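*Asks:* Quick one: the structure is below, and I'll ask about it shortly.
The values are calculated or read from the model by the stated rules, or taken from the named source; none is laboratory data. These figures come from a predicted structure and were not determined experimentally. Virtual Cβ from ideal backbone geometry, glycine too; neighbours counted across all protein chains shown. For accessibility, only protein heavy atoms count, side chains too; no ligands or nucleic acids. Shrake-Rupley method; radii C 1.70, N 1.55, O 1.52, S 1.80 Å.
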Amino acid sequence: MKTKHYFIILSLVIIYTISSCQKFLDIMPSTGNVNPSTLKDFQEMLNSDSIARCNFILADLMADDLSFPALARNEYYGNAYMYAQHIWGPGEMDFMYKSAYERILQMNILILKAAEVKPKNEDEQKGLAIAIAQAKVNRAWYFLQLANIYGQDYTSGKAATELAIPISLIPDASVKPKRGTVQEVYTLIIKELNEAIATEDFPVMGNTIIHPGKASALALLSRTHLLMGNYAEALKSADECLALKSSLLNYQTLTAAPLNLLDQSRNPEVLLGKTGVDHDLNLTYSFRIQISKSLDSLLTSSDFRRRINFDYYDVFANQDGKYNFNYSIAVPEVMLIKAECLARTGKPKEALPVLNLLRKNRIENSTDLVIADDEILKTVLEERRRELFCHGGLRLFDLKRLNREERFSKNIVRSFYDNYNYQDTTVAIIKPNSPRYLMEIAPLITNNNPDIKPNPR
């Protein structure tokens, strides 16, 4: 961040050049800078698929689902994977941080400007309220991502004092927000989602998969409560979401994973489409990124999720010379949240039918699971890992919260195969609750804004 809140300034330029709504954006020297003023303007802002495009690959590389040779740690992919002392060079900007705040800025402008409009009639009033609700859901999604990448997990027990991320709600270049606490960010997210859900005539589904609706707001609220350890509330929101939409896609019909927005739009499971694309990762590590040993042990050859994500040699598949990632909010995740909450609130037997239904759409010739009650939670968490592979950091978020429970905590081990000695050589071991689970805030940001304290390394 520069002294004048650089990401606000930079964002205005990027929005102007890449957004589908550039025809009506008015770049001005005032602190507002962008001045949409009609319902159509706000709807066109929400029509921009740039809101749904992001990249959180480094959060997925920090988890335990992928393996690749990252010993030359002078670039951020390898640094993140190896949990290095520093992820970013002195002049490097964190693309996850920057792009997320660009999207948040778009939503800030929409919410602020739409609230200033005096509607001419009831239909316009409803339309403005729905646009604001959709912007709040999008903003909440990005805040939750950032909070869990750069901040401590809520279940640390120190949510009121642990630092998360800057809470930027006003498009004002003179404002330099410091990092809010984990509690403050989660409180804001829950407030925004509840306000969106309560909006009159808020549709169950948006016009397209990039438009939030009540179902996706409930799903995101359920995810938020799960990450907080509020299992009863997470279960309540999950049930309300599934009562609105519970469609599943049989993966036996697929030849490739539904990753990009076009594929997601054809997927009946998707509640809100979000996608990531990374070209540079493919250029640096093409055909060298493989399934980790621990995930490999969970994915059988009859599991269609293995077949569509990895090739015969266990190499992570890219598409058209780039890596695509599905970050959507979808029915399977909500089902798994429901199953986990049932298992954690004394109803493990009720979790099994939820798991079995999902598995029938994911595994060839799947048969119903028959397992002891005390093994059901473990089984749910394993299924969650299979389903939410490379899903924008969700596995990393799970590792952080599960490390608080002794039976689920684990060391992250990074090793490489030594061709000279014909054996694996351990390079790094990251213990549960290590401060390196928190992504480094780039020095370019902290140096230019001393109010943003760096994460301990």
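*Asks:* Extending each Cα 7 Å along its Cβ direction at Asp373 and Lys158, get the distance between those two points in nm, one decimal.
*Replies:* The modelled label-to-label distance comes out at 3.7 nm.
*Asks:* Could I ask something else about it? Probe radius 1.4 Å, ligands and nucleic acids ignored: give me the carbon and sulfur share of the accessible area of region 63-220 as a rounded percent. The partial results should precede the final answer.
*Replies:* Numbers: 3040 of 5660 Å².
Whole-percent figure for carbon plus sulfur exposure: 54.
*Asks:* Quick one: pull the percentage of alpha-carbon pairs in region 293-375 with a separation above 18 Å.
*Replies:* 56 percent
*Asks:* Also: First select every other residue whose beta carbon is under 13 angstrom from the beta carbon of Ala133; then total the charges, Lys and Arg +1, Asp and Glu -1. List each step's numbers first, then the result.
*Replies:* On the way: positive: Lys126, Lys136, Arg139, Lys191, Lys214; negative: Glu192, Glu195, Glu200, Asp201.
Around Ala133, the surrounding residues sum to +1.
*Asks:* Taking 2.2 N^0.38 Å as the expected size of a compact globular protein, what ratio does the Cα radius of gyration of region 201-290 give against it, to two decimals? Let's see the in-between values first.
*Replies:* Working: Rg = 16.1 Å, N = 90, 2.2 N^0.38 = 12.2 Å.
Rounded to two decimals, the normalised Rg is 1.32.
*Asks:* Show me, bin by bin at 10 Å from 0, the whole-percent P(r) of region 87-198 based on Cα pairs.
*Replies:* 13, 39, 32, 12, 3, 0
*Asks:* Highest mean first, what order results for 104-113, 119-128, 334-343 on Cβ atoms within 10 Å?
*Replies:* 334-343, 104-113, 119-128
*Asks:* With a probe of 1.4 Å, find how much accessible area the chain has per residue, and write the answer as a whole number in Å².
*Replies:* Numbers: 18840 Å² over 457 residues.
Ligands and nucleic acids excluded, the result is 41 Å² per residue.
*Asks:* Based on the mean of other Cβ atoms within 10 Å per residue, sort peptides 195-201, 269-275 so the most packed one is first.
*Replies:* On the way: 195-201: 16.3, 269-275: 25.4.
Per-residue Cβ counts within 10 Å, averaged per peptide and sorted highest first, yield 269-275, 195-201.
*Asks:* Sort region 246-294 into rounded, prolate or oblate with this rule: let a ≥ b ≥ c be the square roots of the eigenvalues of the Cα gyration tensor; rounded if a/c is under 1.5, and if a/c is not under 1.5, prolate when a/b is larger than b/c, oblate otherwise. Mind showing how you got there, number by number?
*Replies:* Details: a/c = 2.58, a/b = 1.68, b/c = 1.54.
Because a/c hits 1.5 or more and a/b exceeds b/c, region 246-294 counts as prolate.
*Asks:* Here is a follow-up. Quick one: what does P(r) look like for region 329-397 with 5 Å bins over all Cα pairs, in whole %?
*Replies:* Distribution as computed: 3, 18, 30, 26, 16, 7, 1 percent.
*Asks:* Going highest first, how would you order 53-60, 247-254 by mean Cβ packing within 10 Å?
*Replies:* Numbers: 53-60: 22.8, 247-254: 13.6.
Ranking, from highest mean packing down: 53-60, 247-254.
*Asks:* Show which lysines lie in cross-link reach of Lys245 when reach means a straight Cα distance below 19 angstrom and same-chain residues fewer than eight apart are skipped.
*Replies:* Lys214, Lys236, Lys274, Lys338, Lys360
*Asks:* Would you check the accessible area of Ile51, probe 1.4 Å, heavy atoms only, in square angstrom rounded to 10?
*Replies:* Spelled out: Ile51, probe radius 1.4 Å, area about 10 Å².
*Asks:* Expressed as a whole percentage, what fraction of the accessible surface of region 275-362 belongs to carbon and sulfur atoms when a 1.4 Å probe is rolled over the protein heavy atoms? Show your work: numbers first, answer last.
*Replies:* Values: 1910 of 3670 Å².
Whole-percent figure for carbon plus sulfur exposure: 52.
*Asks:* Determine which residues of region 190-222 fall in the zone a paramagnetic label at Gln183 would reach in this model, i.e. backbone nitrogen under 19 Å from the point 7 Å along Cα→Cβ.
*Replies:* 190-192
*Asks:* Would any residue of region 433-447 have its amide N under 20 Å from a label point 7 Å out along Cα→Cβ of Arg407? List them or say none.
*Replies:* Residues passing the 20 Å test: 433.
*Asks:* While we're looking at this one, here's another question. Using helices alone, what [θ] at 222 nm do you get for the chain, with -39,500 (n - 2.57) per DSSP H run of 4 or more residues, divided over all residues and rounded to the nearest 500?
*Replies:* Working: 18 runs with 207 residues, N = 457.
Mean residue ellipticity at 222 nm (helix-derived): -14000 deg cm²/dmol.
*Asks:* What is the log10 of I(q)/I(0) for region 168-231, computed with the Debye formula using one identical point scatterer on each Cα and no solvent, at q = 0.25, 0.27, 0.29 Å⁻¹?
*Replies:* -1.04, -1.10, -1.16
*Asks:* Taking a cut-off of 14 Å, what percent of all Cα-Cα pairs in region 367-443 are separated by more than that? All intermediate terms of the calculation are to be shown ahead of the outcome.
*Replies:* Values: 2136 of 2926 pairs.
Here the long-distance tail beyond 14 Å is 73 percent of all Cα pairs in region 367-443.
*Asks:* Another question about this same structure. Under 19 Å Cα-Cα from Lys347, which aspartates and glutamates qualify once same-chain neighbours fewer than 8 residues away are excluded?
*Replies:* Here the aspartates and glutamates satisfying the reach criterion relative to Lys347 are Glu233, Asp239, Glu240, Glu333, Asp368, Asp373, Asp374, Glu375, Glu382, Glu383.
*Asks:* Rg to Rh for the chain: what is it, with Cα atoms only and Rh by Kirkwood? The partial results should precede the final answer.
*Replies:* Values: Rg = 21.7 Å, Rh = 22.7 Å.
A ratio of 0.95.
*Asks:* Which of the lysines could a cross-linker bridge to Lys431, judged by Cα under 22 Å and excluding same-chain residues fewer than eight apart?
*Replies:* Of all the lysines, those that pass the test against Lys431 - Cα under 22 Å, at least 8 places apart if same chain - are Lys158, Lys293, Lys378, Lys400, Lys410.
*Asks:* Return the distance in nm (one decimal) between the two label points of a simple spin-label model at Lys360 and Lys118, each offset 7 Å from Cα along Cα→Cβ.
*Replies:* 5.8 nm
*Asks:* Short version: ³J(HN,Hα) in whole Hz for each residue of region 153-162, in order, from phi by Karplus 6.51 cos²θ - 1.76 cosθ + 1.60 (θ = phi - 60°), x for Gly and Pro, what are they?
*Replies:* Those phi angles translate into 5, 5, 6, 5, x, 10, 4, 6, 10, 5 Hz.
*Asks:* Using 0.36 nm per residue, how much length does the chain from Gln252 to Thr300 gain when fully extended, once their Cα-Cα distance is taken away?
*Replies:* Working: separation 48, 0.36 × 48 = 17.28 nm, distance 1.45 nm.
So the chain would gain 15.8 nm between Gln252 and Thr300.
*Asks:* A further question follows. Using only Cα atoms, figure out Rg for region 86-149 and give it as a multiple of 2.2 N^0.38 Å.
*Replies:* Working: Rg = 16.0 Å, N = 64, 2.2 N^0.38 = 10.7 Å.
Dividing the Cα Rg of region 86-149 by 2.2 N^0.38 Å gives 1.50.
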